[in-house]
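Worksheet: the structure to be examined is printed underneath.
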Amino acid sequence: MDDLIIAGRSFRSRLMVGTGKFASNAQMAETIAASGGDIVTVALRRVNIDDQQDDLLNHIDRDKYLLLPNTSGARDADEAIRLARLSRAAGCEPWVKLEVTPDPYYLLPDPIETLKAAEVLVKEGFIVLPYINADPVLAKHLQEVGVATVMPLGAPIGTNKGLKTRDNVAIIIEQAIVPVVVDAGLGAPSHAAEAMELGADAVMVNTAMAVAANPPMMAAAFAKAVEAGREAYLAGLGKQQNQAEASSPLTGFLRNK
Amino acid sequence: MEITVNNQQRTVDTSTTLSALIDEMGLDDKRIAIEYNRDILSREQFSTITLQAGDTIEIVNFVGGG
Amino acid sequence: MSFSDEMQKYPAELIQEQIANTTSNQVEQALAGERLTIRDYATLLSPAAQPYIETMAQKAHQITKQRFGNIIQLYTPMYLSNECSNGCKYCGFNASNKIPRATLTLDEIEKEAKIIHDYGFRAILLLTGEHKKMEDNSYLEAAVKRIKPLFSSISIEVYPMDTDGYKKMVSAGVDGLTLYQETYDPVLYEQLHPYGLKRNYINRLNAPDRAGEAGLRRIGVGALLGLGAFATEAFHTGLHANYLSKRYWRSHVSVSFPRIRPADGGFAPINIIDDTQLVQMVCATRLLIPDAGLFLSTRESAELRDSLMPLGITHMSAGSCTSPGGHANEGKNIEQFAIDDDRSPEQMSSIIKEKGYETVWKDWDSAFLNASSI
């Protein structure tokens, strides 16, 4: 079986799904079911006392999905750590998708604060999946403090632009010793397939599904693309030929004996 | 007495426990987390804490997110 | 997690089977891409890859030029001691061999080092046997400190140490480690090392991890070619280097390709590794790790060394002498193994130039960055 293994735990699907931006909880539930995903991200917010809405968790079967709380909204390490601890106190397993995004425009992750928070959270026993820019050296620093995956972005979150960071993601994949999950910016199933063909271990998608005219159908499309990309990667892609430059033979000496 | 819950003033009876407050607000204690005067509480602590005037309470739950 | 854990994922029988069953189609696939996977690397070590040796060589040549330019770095080994309590069957310094033994004093070391320095070398590799005189590493530490002013880069090729030992080496001024596993086959390893501390296979296997943890700037691995079966030894060597380069990313990883030479004590290779296989391994390693340093010693003939130079080799030894104090007392030497290419450093340097390369005697200087060592 070609399972995705994170921190020793096995997952059938290589597609992680976000639960934000859906028109309704019912539609969200239908979409994650159609995605075939095993890991579902959620965010933590203050309860709105005056207007308590339909609880998201009423729609997610906790036996079927691993709930992966994120730290969205955190602007520095301390806030992210606080959110992670609260998630655990709210009954989640100690898994956290670490996001520290002080930049309010592109929501780009802060590498320095992310590293600080990761170090603290790993020591507290969290299984940390940090959202990062596609920076190979940052990925190495994070691996050293003990994160369970790295989650480089394909493009700024919510932009649907695809794998704009392809070359750097390729370096991260080549050098990583933990699973690489391409997160953010994947706007179409073809983008997800591209990341998987490149050798990513998984991808994470939210906006592209939530804003589709038919979210469950789009989720199913992503599921197929992720599988197709993974299979193509395992099968060994027919590679583009680099024409070798003509030059004198280098191994003639092997025959002149 | 007055306490602050999620940045809003709220009046509760003296000797109200945190559990009672949660019930009064119609929340499910299995789906929330609470910071009580900046300390994160475990669920077991909810029934053991008696509210004091001036307490600051943050109650959070899960919403959609990517 | 150490390399011994990583190796478990690639059992020798499976690798052997995969390599034996490789098709030419798989070889073409592996050669078409920009980067090799570890599976592609195995593919290129197969008999099926041999007809593609020229393509492999051209690619290896190009990548090396791209990453390193037209340079060959020269270094030389210096033997500090041939006293040894190990029984390695292939080694001339085997404790059972009745040969004159010597451990250089610090003054002798300095004298020898000055001769090497005067040849032009600024990169030196220090070697010893494994012996109780080496306990607590203080002999080596003192030797390094003594010769530090003469060299910009000091590497060691000695017995495996614990992490603290390697840290001690780093603070004394060592920047590189070379440690051959000899053979990655644990059963054969046990047979070849009948007694002595070196019998501990795992301790040796995981020593480069400890060097990485200790912050050594360069880490080199290798198998003594001619002991185990070519396919698995070459595969595990590449796997080891690849693993180290990912995990200890601040260290520069290198691979050596030592083929067994006649040694005092007369050990014959168990598996003959021919020139084609050697070329295959050099090129496949270059394609697997484009930035690895690839070392070729004077064990090989002048003719073969000159031919291998453009295929991906970045470091060559020259003016080598495998007995302690051998430079100062020319003529009466007991060798660990016989060298083949006995051209002088000067001759070597001019041949490198003729081949269109520049000789590099010194590529960095720790003193420049580390004020405490000035």
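Just a few scattered comments:
- Going through (1) buried (at least 16 other Cβ atoms within 10 Å of the Cβ); (2) in contact with a helix residue (DSSP H, G or I) (Cβ under 9 Å, 6 or more places away or on another chain) one by one, C:ASN94 falls short only on (2).
- Of the residues making up segment A:94-147, those that are aromatic (Phe, Trp, Tyr) and more than 15 Å from the chain's Cα centre (by Cα) are A:TYR105, A:TYR106, A:PHE126.
- Count of residues meeting criterion [in contact (Cβ under 8 Å) with a residue 12 or more places away in the chain, in a helix (DSSP H, G or I) and farther than 19 Å from A:ASP54 by Cβ] in segment B:1-23: 3
- Residue match in segment C:22-32 (condition: part of a loop (DSSP other than H, G, I, E, B) and free of Cβ contacts under 8 Å to residues at least 12 places away in the same chain): no
- Scanning segment C:281-297 for residues that are closer than 16 Å to C:LEU239 by Cβ and of a type in the set (Gly, Ala, Ser) yields C:ALA284, C:ALA292.
- Residues located in segment C:55-80, provided they are more than 25 Å from C:TRP361 (Cα to Cα) and either at pLDDT 95 or above or not charged (D, E, K, R) (or both): C:THR55, C:MET56, C:ALA57, C:GLN58
- Which listed residue is in contact with a Ser or Thr (Cβ under 6 Å, 6 or more places away or on another chain), surrounded by 21 or more Cβ atoms within 10 Å (Cβ to Cβ) and closer than 16 Å to C:THR276 by Cβ, from C:ALA30, C:ALA48, C:ALA57: C:ALA57
- For segment C:241-250, a residue qualifies if it is within 12 Å of chain A (Cβ to nearest Cβ) and either under 12 Å from C:TYR180 (Cβ atoms) or of a type outside the set (D, E, K, R) (or both), and the qualifying residues are C:ASN242, C:TYR243, C:LEU244, C:SER245, C:TYR248, C:TRP249.
- Residue in segment A:210-226 that is modelled with pLDDT under 95 and either assigned to a helix (DSSP H, G or I) or under 24 Å from A:VAL150 (Cβ atoms) (or both) present: yes
- Where B:ILE59 falls short, out of the listed (1) assigned to a helix (DSSP H, G or I); (2) crowded, with 19+ Cβ neighbours inside 10 Å: (1)
- Residue within segment C:64-80 that is crowded, with 17+ Cβ neighbours inside 10 Å, touching a Cys at 6+ places or on another chain (Cβ under 8 Å) and within 14 Å of chain A (Cβ to nearest Cβ) present: no
Residues are listed down the side, and each one gets a yes or a no for (1) in contact with a strand residue (DSSP E or B) (Cβ under 8 Å, 6 or more places away or on another chain); (2) under 18 Å from A:VAL47 (Cβ atoms); (3) facing chain A (nearest Cβ under 7 Å):
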| site | (1), (2), (3) |
| --- | --- |
| B:THR4 | yes, yes, no |
| B:LEU21 | yes, yes, no |
| B:LEU27 | yes, yes, yes |
| B:LYS30 | no, yes, yes |
| B:ALA53 | yes, no, no |
| B:GLU58 | yes, yes, yes |
| B:GLY66 | yes, no, yes |
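- Residue that is nearest to A:PRO215 (Cα to Cα), among those in segment A:36-74 that are surrounded by 13 or more Cβ atoms within 10 Å (Cβ to Cβ) and of a type in the set (S, T, N, Q): A:THR41
- Criterion (at pLDDT 95 or above and under 23 Å from A:GLN175 (Cβ atoms)) met by exactly one of C:LEU44, C:LEU31: C:LEU44
- Selection count where residues are β-branched (Val, Ile, Thr) and closer than 30 Å to A:HIS59 by Cβ, scope segment B:18-52: 4
- Among the criteria (1) at pLDDT 90 or above; (2) more than 10 Å from every other protein chain (Cβ to nearest Cβ); (3) touching a Gly at 6+ places or on another chain (Cβ under 7 Å), the one C:PRO51 does not fulfil is (3).
- Members of segment C:228-272 that are closer than 18 Å to C:SER46 by Cα and in contact with a Leu (Cβ under 8 Å, 6 or more places away or on another chain): C:GLY228, C:PHE230, C:ALA231, C:GLU233, C:ALA234, C:PHE235, C:GLY238, C:PHE257, C:ASN271
- Residue list for segment C:2-23, restricted to those being within 14 Å of another protein chain (Cβ to nearest Cβ) and surrounded by 12 or more Cβ atoms within 10 Å (Cβ to Cβ): C:SER2, C:PHE3, C:GLU6, C:GLN18, C:THR22
- Considering each residue of segment A:68-79 in turn, at least one proves to be touching a Cys at 6+ places or on another chain (Cβ under 9 Å) and at pLDDT 95 or above.
- All conditions but one from (1) among the charged types (D, E, K, R); (2) part of a loop (DSSP other than H, G, I, E, B); (3) within 11 Å of chain A (Cβ to nearest Cβ) apply to B:GLU35; the one that does not is (2).
- Test for A:GLU124: is it within 13 Å of another protein chain (Cβ to nearest Cβ), within 30 Å of B:ILE22 (Cα to Cα) and surrounded by fewer than 18 Cβ atoms within 10 Å (Cβ to Cβ): yes
- Scanning segment A:102-119 for residues that are within 14 Å of chain B (Cβ to nearest Cβ) and surrounded by fewer than 22 Cβ atoms within 10 Å (Cβ to Cβ) yields one hit, A:LEU107.
- Here A:MET217 fulfils each of the conditions (1) in contact (Cβ under 8 Å) with a residue 60 or more places away in the chain; (2) in contact with a strand residue (DSSP E or B) (Cβ under 8 Å, 6 or more places away or on another chain); (3) of a type in the set (A, V, I, L, M); (4) surrounded by fewer than 22 Cβ atoms within 10 Å (Cβ to Cβ) apart from (2).
- Restricting attention to segment B:38-51, the residues that are at the interface with chain A (Cβ under 10 Å from one of its Cβ atoms), surrounded by 10 or more Cβ atoms within 10 Å (Cβ to Cβ) and in a loop (DSSP other than H, G, I, E, B) total 2.
- The residues on offer are A:LEU153, A:LEU163, A:LEU142, and the sole one that is within 14 Å of chain B (Cβ to nearest Cβ), buried (at least 23 other Cβ atoms within 10 Å of the Cβ), in contact with a strand residue (DSSP E or B) (Cβ under 9 Å, 6 or more places away or on another chain) and touching a residue at least 12 places away in the same chain (Cβ under 8 Å) is A:LEU153.
- Hits in segment A:136-178 (condition: under 15 Å from A:VAL96 (Cα atoms) and either modelled with pLDDT under 95 or part of a loop (DSSP other than H, G, I, E, B) (or both)): A:GLY146, A:VAL147, A:ALA148, A:THR149
- Across segment A:52-77, the qualifying residues are those that are more than 11 Å from chain B (Cβ to nearest Cβ) and in contact with a Ser or Thr (Cβ under 8 Å, 6 or more places away or on another chain), and the one among them that is farthest from A:GLU113 (Cα to Cα) is A:ALA74.
- When the helices (runs of 4 or more DSSP H) confined to segment C:251-356 are screened for residues that are at pLDDT 90 or above and within 14 Å of another protein chain (Cβ to nearest Cβ), those reaching at least 2 such residues are found at C:275-288, C:302-308.
The values are calculated or read from the model by the stated rules, or taken from the named source; none is laboratory data. None of these values were measured; they are calculated from a predicted model. Positions of Cβ are generated from backbone atoms using ideal geometry, with glycine treated the same way; all protein chains shown enter the neighbour counts.
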